[in-house]
Amino acid sequence: MLSTRSAFSCIGRSNGISVLRDLFGYSEVPKEISLRAQIEALENKHYHVNVIMVAPENYFSGARRQICYSLQVTREIFSNVNFGIGRIEWYQISEAEAGDLSVTDSKGEARELTSDWTVQNDGLDLFVVRLMTDTDGWSAVNGSCDKDSKGFTGSVVELYSGDDDYAANGFAHEMGHYLGLNHIEDPNNFIGGDGSSNSNTAILNSQGNTMKSHCFVKNGCDNTI
C-alpha cells in the first residue's frame with residue numbers, strides 16, 4: 001500500500017503535516033472519513049479539484065462544511081469504480097469581484113463565470129455559488145483541460161441549505177459531466193433520471209471508465225518519492 005508520506009508527495013504536499021487539511025483538503029471533518037480509503041484512491045486513477053467559492057460572504061452558516069461533505073460523498077461514489085479525488089485546493093471570489101455572477105441566472109452566466117475566473121493548474125475548477133435560478137448546476141460534457149479556451153472551463157454548482165445529500169449529488173453530477181458523462185435514464189444513478197436532481201449515488205463501471213479517460217485524470221501513485 002502507498003505510504004502516507006508518498007500519498008502527500010503524490011498530490012504535491014511533500015511537507016504536509018495535517019491529514020485532514022493537506023491530504024483530504026478539508027477544513028473540518030464533514031462525515032466519517034478513512035485515511036486508508038483516501039490512500040487507496042490515490043493508488044487508482046484520480047483527479048484534482050479547485051474549489052472556487054463565489055461570494056462566500058453570502059453563504060449560509062455551515063456552507064463550508066456542506067462543501068466538504070459534498071466532496072467526501074463524491075469521493076465515496078467514485079470509489080465504487082476505483083476512481084478518486086486527489087488534491088483539493090480552495091480559492092474565493094468576493095461578491096464585489098463577481099458582481100452579478102454571484103447569482104448565476106443562466107447557462108451563459110455560468111459559462112462567463114468559468115471563463116473569467118480560473119485556476120491555472122491541472123485541477124478541475126469547481127465554482128460554488130450560493131444561488132442559481134432554474135437549474136441546480138451547469139457544466140460542459142467532457143470539458144476542456146485548456147483553461148484559456150472558450151466556453152466552459154469548469155463546473156458550477158449550488159449550495160442547498162438544509163439538504164446536504166442533494167448538494168452532494170449536485171457536486172458529483174456536475175463534475176461527472178465535465179469528466180465526460182452524459183445523463184442516463186436510470187433514476188438511481190448519480191447522474192441519472194435524464195438529469196433530474198436527487199440524492200442518489202449509484203454508479204456504473206462504464207461511467208468510471210469514461211471519467212478515467214479524461215485529460216485531467218492522473219495515473220495512480222506509488223511509493224516512489
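Per the Kirkwood formula on distinct C-alpha pairs, the Rh of segment 1-87 is how many angstrom? Kindly include the intermediate steps, with their values, before the conclusion.
Working: mean 1/r = 0.0742 Å⁻¹.
It works out to 13.5 Å.
Given a 1.4 angstrom probe, I'd like the percentage of the accessible area of segment 150-225 that is carbon and sulfur, rounded to a whole number. Don't skip to the end; give the middle numbers.
Numbers: 1350 of 3260 Å².
Within segment 150-225, the accessible surface is 41 percent carbon and sulfur.
For segment 1-48, with all protein chains present and a 1.4 Å probe, just round the carbon and sulfur fraction of the accessible area to a whole percent. Spell out each step's value before the answer.
Numbers: 1110 of 2430 Å².
Using a 1.4 Å probe with all protein chains present, segment 1-48 comes out at 46 percent carbon and sulfur.
Per residue, how much accessible area does the chain show when a 1.4 Å probe rolls over the protein heavy atoms, in square angstrom? Could the numbers behind the result be given before it?
Working: 9700 Å² over 225 residues.
For the chain, the solvent-accessible area averages 43 Å² per residue.
Take D165 and I184, extend 7 Å from each Cα along the Cα→Cβ direction, and tell me the distance between the two endpoints in nm.
2.1 nm
For segment 67-131, what is one quarter of the convex hull surface built on the Cα atoms, given in nm²?
Directional mean of the projected Cα hull area for segment 67-131 stands at 5.3 nm².
Taking trypsin sites (Lys or Arg not before Pro) as candidate sites, keep only those in a DSSP loop with at most 15 other Cβ atoms within 10 Å, then name the longest stretch of the chain containing none of them.
Details: sites that count: K31, K150.
Maximal segment without exposed cleavage sites: 32-149.
In a Debye calculation with equal point scatterers on the alpha-carbon sites of segment 71-192 and no solvent, what is log10 I(q)/I(0) at q = 0.13 Å⁻¹?
These q points yield log10 I(q)/I(0) values of -0.50.
With r defined as the distance between the Cβ atoms of S144 and N209 and R0 fixed at 25 Å, what FRET efficiency is calculated, to the nearest 0.05?
On the way: r = 20 Å, r/R0 = 0.81.
Efficiency for this residue pair is about 0.80.
Please compute one quarter of the surface area of the Cα convex hull for segment 131-182 and express it in square nanometres.
With the hull built on Cα positions only, its mean projection is 3.9 nm².
What distance in nm separates the simple spin-label points at S3 and L35, each placed 7 Å from Cα in the Cβ direction?
Computed distance between label sites S3 and L35 equals 1.4 nm.
Rounded to the nearest 10 Å², what accessible area does D116 show when all protein chains are kept and the probe is 1.4 Å?
90 Å²
Taking a Cβ-Cβ separation under 4.7 Å as the criterion for a possible partner, which cysteines of the chain have none?
C68, each lacking another Cys Cβ under 4.7 Å.
Give, to the nearest whole percent, the P(r) tail of the chain beyond 29 angstrom, counting all Cα pairs. Mind dumping the intermediate values first?
Values: 5065 of 25200 pairs.
Summing the P(r) of the chain above 29 Å gives 20 percent of all pairs.
Select from the chain the helices, each a whole stretch of DSSP H, whose alpha-carbon atoms run 18 Å or more along the helix axis and whose Kyte-Doolittle mean is at least 1.0; answer none if there are none. Kindly include the intermediate steps, with their values, before the conclusion.
Values: long enough: 63-79 (24 Å, -0.21); 164-178 (21 Å, -0.91).
In the chain, no H run is both long and hydrophobic enough.
Taking the alpha-carbon distance from K107 and a cut-off under 23 Å, which lysines remain once sequence neighbours fewer than 8 residues away in the same chain are dropped?
Of all the lysines, those that pass the test against K107 - Cα under 23 Å, at least 8 places apart if same chain - are K147, K150.
Run down the aspartates and glutamates and flag those whose C-alpha is under 15 Å from the C-alpha of K218, throwing out any fewer than 8 positions away in its chain.
E40, E43, D122
Write down the percent of antiparallel bridges among all DSSP beta bridges whose residues are both part of the chain, to the nearest 5.
Numbers: 3 of 24 bridges.
Approximately 10 percent, going by the DSSP bridge assignments.
Suppose each label sits 7 Å from its Cα in the direction of the beta carbon; what would the S94-E28 distance come out to in nanometres?
2.4 nm
The values are calculated or read from the model by the stated rules, or taken from the named source; none is laboratory data. Everything numeric in this text was worked out from a predicted model, so none of it was measured. Please note: Cβ atoms are built from the backbone with ideal geometry, for glycine as well, and neighbour counts cover all protein chains shown. These area figures cover heavy atoms from the full protein model, side chains too; ligands, DNA and RNA do not enter into them. Shrake-Rupley method; radii C 1.70, N 1.55, O 1.52, S 1.80 Å.
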